[in-house]
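**Q** Okay, here's the structure, questions in a sec.
The values are calculated or read from the model by the stated rules, or taken from the named source; none is laboratory data. These numbers come from a predicted model, not from an experiment. Note: ideal-geometry Cβ built from the backbone for every residue, glycine included; neighbour counts use all protein chains shown.
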Amino acid sequence: MPRWRTSLLFVGIKSYVIAFDRKTGVETWRTLLPARYKSAASLVNVFCDAEGLFASCSGEIFALDPRTGALLWHDGLKGMGTGMAIFASELGGSGQDSAVVAAEAARQAAAAAAAAT
């Protein structure tokens, strides 16, 4: 079960992570990532799963509080350069879509089990 739910949309751009209200489009918070190497074009990859909000910028990774944008932790990925980090998680998503996917997977498993008998 997700530890938090949000009605926010998270956007990464120019060394920032910005949260917007999904329904109104109003900006809720904005956090400048304290990456060592910054430029006007610093790409930010944002990842959200059932337990948190994460971002990468200039070869570094950050964990943010999804409600406030506060920096929780940071790792400079020493020795890895300044490339774009890509995220993956073993956890499921936190939205309604994940429930739909889980229900469909259960339906397919039940159909396969019934066909095997």
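**Q** Does Thr24 satisfy being of a type outside the set (A, V, I, L, M, F, W, C), loosely packed, with under 11 Cβ neighbours inside 10 Å and at pLDDT 70 or above?
**A** So Thr24 passes the test.
**Q** Within segment 49-72, take every residue that is part of a loop (DSSP other than H, G, I, E, B) and not charged (D, E, K, R) and give me the one that is modelled with the lowest pLDDT. Let's see the steps before the verdict.
**A** Start the filter on segment 49-72 by keeping residues that are part of a loop (DSSP other than H, G, I, E, B), which leaves 50-51, 58-59, 65-70.
When the remaining residues are screened for being not charged (D, E, K, R), the result is 50, 58-59, 66, 68-70.
Values: Ala50: 76, Ser58: 83, Gly59: 84, Pro66: 93, Thr68: 94, Gly69: 95, Ala70: 96.
Going through the qualifying residues, I end up with Ala50.
**Q** Another one. Can you report the number of residues in segment 73-91 which are at pLDDT 75 or above and either of a type in the set (Gly, Ala, Ser) or surrounded by 13 or more Cβ atoms within 10 Å (Cβ to Cβ) (or both)?
**A** Count: 4.
**Q** Go through (1) of a type in the set (Val, Ile, Thr); (2) over 13 Å from the mean Cα position of the chain (by Cα); (3) at pLDDT 70 or above and name the single condition Val46 misses.
**A** (2)
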